[in-house]
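These notes concern the structure reproduced below.
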Amino acid sequence: MTNSTRLLKANTDTPPARRVILNDLVVPRPSRFAASDFEPLSLPAVESHVTESRRVDPRVQSALTALQAATEQLHAQRDRWLDQCQAETVRLGVAIAERLLRRTLATHPEAVIDLVRSALEWSVGADRLSVRLHPADAELVTSAAASLQAETCATLEFVADESLARGDCVVDTPNGLIDARQEVLAQRIADELLMQ
């Protein structure tokens, strides 16, 4: 057994001699105090708080009131800034997405077929659909008309519309209009994100 596993302890059996003996650390040391030796501690917290608040200088009290009002104003300002930052972040994200979509359509014009496919998915239940597109997009989509026709139950008609930009799509149905123009879709996304 090494010296680090031993403990020096005064022997209380022989008070005048105060002999020192070695005990192992693994032997539990008896406590000199029993749990019943202590009385429960109870403090009158509410009363002391009341007496302390009565002693507060009126100038300090008015300063505390002013600090509390300033804190509430700072919290309100922080909430307004967070709302503004969230709105600006959503607008920036949507603008970036629009630019990426335009760049994708410029380099891969066949991507408009996927946009038309998405617009057709929103027109469930119609038996005849008229799909208006930019003239260059109408040529591309007409070449893929067979695959699009197989994916929907409706009869499809693709119409070139010079008023639409590249990547825009408007579907005329007997029940109404499905506006899948890029700026409309971007605005819907922004509105949905800002409502959360």
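The requirement of being touching a Gly at 6+ places or on another chain (Cβ under 9 Å), in contact (Cβ under 8 Å) with a residue 40 or more places away in the chain, surrounded by 15 or more Cβ atoms within 10 Å (Cβ to Cβ) and under 22 Å from ILE96 (Cβ atoms) is fulfilled nowhere in segment 155-166; no residue meets it. VAL131 - would you say it is in contact (Cβ under 8 Å) with a residue 40 or more places away in the chain, assigned to a strand (DSSP E or B) and surrounded by 11 or more Cβ atoms within 10 Å (Cβ to Cβ)? Taking the combined requirement at face value, the residue satisfies it. Here ASP191 passes the criteria (1) closer than 16 Å to SER118 by Cα; (2) within 32 Å of the chain's Cα centre (by Cα) except the one numbered (1). Limited to segment 103-154, what total is found for residues that are aliphatic (A, V, I, L, M) and touching a Phe, Trp or Tyr at 6+ places or on another chain (Cβ under 8 Å)? Count: 5.
When you check ASP83 against the structure, is it in contact with a Gly (Cβ under 8 Å, 6 or more places away or on another chain), among the acidic types (Asp, Glu) and either part of a helix (DSSP H, G or I) or loosely packed, with under 12 Cβ neighbours inside 10 Å (or both), yes or no?
Taking the combined requirement at face value, the residue does not satisfy it.
Take ALA63 and tell me if it is within 30 Å of ARG188 (Cα to Cα), more than 17 Å from the chain's Cα centre (by Cα) and at pLDDT below 90. In short, no. No other residue among LEU148, LEU156, LEU177 is over 17 Å from LEU105 (Cβ atoms), assigned to a strand (DSSP E or B) and out of contact with any Ser or Thr (no Cβ under 9 Å at 6 or more places or on another chain) apart from LEU177. Restricting LEU105, LEU140, LEU100 to those that are buried (at least 16 other Cβ atoms within 10 Å of the Cβ) and within 14 Å of GLN182 (Cβ to Cβ) reduces the list to LEU105.
The values are calculated or read from the model by the stated rules, or taken from the named source; none is laboratory data. Keep in mind that this is a model prediction, so the values were computed, not measured. Neighbour counts are summed over all protein chains in view; Cβ atoms, including those assigned to glycine, are modelled from backbone coordinates with ideal geometry.
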